[in-house]
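Every read-out reported here was derived from the displayed coordinates using simple, explicitly stated rules and does not represent laboratory data. Treat the numbers as computed from the prediction; the structure is a model and nothing was measured. Neighbour counts are summed over all protein chains in view; Cβ atoms, including those assigned to glycine, are modelled from backbone coordinates with ideal geometry.
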Amino acid sequence: MSAMPENPTFNADDLNFDDFQLEDFDTPVSNPVASAPERDLSFFKKIPVTVTLEVASKEIALGDLMKAGEGSVIELDKLNGEPLDVKVNGSLMGHAEVVIVNDKYGLRLIDVIDSALTGMGK
């Protein structure tokens, strides 16, 4: 039978912090993020995104949905006249109302949620 090497257990009393020279830690370190040069982010403005105007939604059981047929009405979670959700790539950007522009639907932004999107390109 081979002998297993002994693993010495750690004892906190064996540590002697007096041996360390900690005076270097008292000097302030400059913030490398703050001193980094500002980058030109204009190329981000050309990346295509999908803007979606979500009228409303409703969570229902699949069984209830399977019973729906032509002429069925599913009540949604928004009231008439409430602002609609504007989503960019699935994330809420703000709220809007529907408008007609040159015989096409459009949206008029009512408010924009404060997010990284609003700070982009400043």
> What ranking do 96-106, 40-50 get when scored by the average of other Cβ atoms within 10 Å per residue, highest first?
Replying inline: 96-106, 40-50
>> What lysines does residue 46 reach when the alpha-carbon gap must be under 27 Å and sequence neighbours fewer than 8 apart in one chain are set aside?
In response: 87, 104, 122
>> Contact order normalised by length for region 48-122, with contacts defined as Cα pairs under 8 Å and 6 or more residues apart; what percent is it?
In response: 27
>> Counting just the Cα atoms, what span does region 48-122 cover along each of its three principal axes? Round to the nearest Å and put the largest first.
In response: 51, 29, 25
> Going by average Cβ neighbours within 10 Å, how do the peptides 84-95, 56-67 rank, with the highest at the top?
Replying inline: 84-95, 56-67
> Using modelled backbone amide H atoms (1.01 Å from N, in-plane), which distant-in-sequence or interchain residues come within less than 5 Å of residue 78's amide H?
Replying inline: 57
> Label residue 113 and residue 98 with points 7 Å out from Cα along Cα→Cβ: what is the distance between them in nm?
Replying inline: 2.2
